[in-house]
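To keep things clear, I will list the structure first and then write my remarks on it.
Please treat every number below as a calculation from the coordinates, not as lab data. From a predicted model like this one, the values you see are computed outputs, not experimental measurements. We place every Cβ from the backbone using ideal geometry, glycine too, and count neighbours over all the protein chains shown.
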């Protein structure tokens, strides 16, 4: 199950996580974001070694700016508090799974 993340809990939920953390930067008005959301949910159910977090860019614009999110959906893969991979736009589940390390 995805964790909703904002400016308040981002550090604890993402940067300090001991798992690879997949962060979905999305907007409620974004069609491709709505298409990608169930794909990410499936991915997190199939890969217990990851943690899925979601950031609504309209509610957390500071986070979007901090990570230079210019298009949604953007998915960042964090490990050890650092961004390891980035995916922009709708991507198939198999392609996202290949980014998990």
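Just a few scattered comments:
- Residue pairs whose Cβ atoms lie under 7 Å apart, sitting 6 or more positions apart in sequence or on different chains, and linking a residue in region 66-91 that is at positive phi to a partner that is crowded, with 19+ Cβ neighbours inside 10 Å and outside any strand (DSSP E or B), are 89/73.
- Search result, residues across region 10-32 that are farther than 19 Å from residue 94 by Cβ and touching a strand residue (DSSP E or B) at 6+ places or on another chain (Cβ under 8 Å): 10, 13, 14, 15, 17, 19, 21, 23, 25, 26, 27, 28
- Any chance residue 49 is in contact with a helix residue (DSSP H, G or I) (Cβ under 9 Å, 6 or more places away or on another chain), under 19 Å from residue 94 (Cα atoms) and in contact (Cβ under 8 Å) with a residue 24 or more places away in the chain: no
- Members of region 12-21 that are free of Cβ contacts under 8 Å to residues at least 60 places away in the same chain and either under 10 Å from the mean Cα position of the chain (by Cα) or part of a loop (DSSP other than H, G, I, E, B) (or both): 18, 19, 21
- Hits in region 70-99 (condition: out of contact with any helix residue (DSSP H, G or I) (no Cβ under 8 Å at 6 or more places or on another chain), closer than 17 Å to residue 31 by Cβ and surrounded by 12 or more Cβ atoms within 10 Å (Cβ to Cβ)): 74, 88
- The single condition among (1) over 11 Å from the mean Cα position of the chain (by Cα); (2) in contact (Cβ under 8 Å) with a residue 24 or more places away in the chain; (3) within 17 Å of residue 77 (Cα to Cα); (4) assigned to a helix (DSSP H, G or I) that residue 32 does not satisfy is (3).
- Among residues of region 55-71, those that are over 20 Å from residue 9 (Cβ atoms) and touching a strand residue (DSSP E or B) at 6+ places or on another chain (Cβ under 8 Å), counted: 1
- Residues of region 35-54 classified as in contact with a strand residue (DSSP E or B) (Cβ under 8 Å, 6 or more places away or on another chain) and either over 17 Å from residue 73 (Cβ atoms) or assigned to a helix (DSSP H, G or I) (or both), total: 8
- Just so you know, in region 53-65 the residues that are buried (at least 18 other Cβ atoms within 10 Å of the Cβ) and without any contact (Cβ under 8 Å) to a residue 40 or more places away in the chain include one that is farthest from residue 39 (Cα to Cα), and it is 64.
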